[in-house]
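Asker: Could you have a look at this structure, given as structure tokens, before my questions?
The values are calculated or read from the model by the stated rules, or taken from the named source; none is laboratory data. Values in this document were obtained by computation on a predicted structure and should not be read as measured data. No Cβ is skipped: glycine too gets one built from the backbone with ideal geometry, and neighbour counts run over all protein chains shown. SASA here: full protein model, heavy atoms, side chains in, ligands and nucleic acids out. Shrake-Rupley method; radii C 1.70, N 1.55, O 1.52, S 1.80 Å.
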Amino acid sequence: GYFHVGEDSGWDLDGLPIHSIADGIVVLNLYEPTWGNLVAIESKLPNGKIINHFYGHLSSDVDVKAGDIVKCGQKIGNTGTFLSRDNGGYRSHLHLGIAKGTYEETGVIGYYTSLIPWYNPVTFLYHTTGF
């Protein structure tokens, strides 16, 4: 009954620079035991819709803090190191989740009982950027 709501990529690339996928405001920067260091950014799309993009399993040297304004492409941190506490004890990688709505509406979880409030990051980025 649970779905993995996001895309894991950059496996085993310790310290891989991670950049924001859109302009927005950092609404969360915290450490959580299973996520490791986690950043959430809230953005308003050109069509007026609000999204939250979550970057999990980051190292402790996160470059942004809650309240910061970020630009698309701005570096926000790096992936953690292999099996470190910083990234939640996983192999190094990025978990990118993109939720529909404000941070208050979406919350922060990596697994969810429905896919309805979440975008598939690969499909979303393809349709948004054309890459």
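Asker: Is region 20-42 home to any residue that is without any contact (Cβ under 8 Å) to a residue 60 or more places away in the chain, within 17 Å of G73 (Cβ to Cβ) and of a type in the set (F, W, Y)?
Answerer: no
Asker: Further, regarding this structure: Is there a residue being without any contact (Cβ under 8 Å) to a residue 12 or more places away in the chain and of a type in the set (G, A, S) anywhere in region 81-103?
Answerer: no
Asker: How about region 53-96: which of its residues are open to solvent by 50 Å² or more (accessible area, probe 1.4 Å), at pLDDT 95 or above and polar (S, T, N, Q)?
Answerer: Selection gives Q74 alone.
Asker: Show me the strands (runs of 3 or more DSSP E) found entirely inside region 30-103 where at least 2 residues are polar (S, T, N, Q).
Answerer: Numbers: elements: 36-44, 50-58, 75-78, 94-100.
Passing ranges, in order: 36-44.
Asker: Anything in region 29-40 that is crowded, with 16+ Cβ neighbours inside 10 Å and under 12 Å from A66 (Cβ atoms)? List them, or say none. Can you show your working first?
Answerer: Taking region 29-40 first, the residues crowded, with 16+ Cβ neighbours inside 10 Å are 29, 35-40.
Of everything in region 29-40, those that are crowded, with 16+ Cβ neighbours inside 10 Å and under 12 Å from A66 (Cβ atoms) turn out to be N29, L38, V39, A40.
Asker: Are any of the residues in region 42-52 open to solvent by less than 20 Å² (accessible area, probe 1.4 Å) and of a type outside the set (G, A, S)?
Answerer: Within region 42-52, one or more residues are open to solvent by less than 20 Å² (accessible area, probe 1.4 Å) and of a type outside the set (G, A, S).
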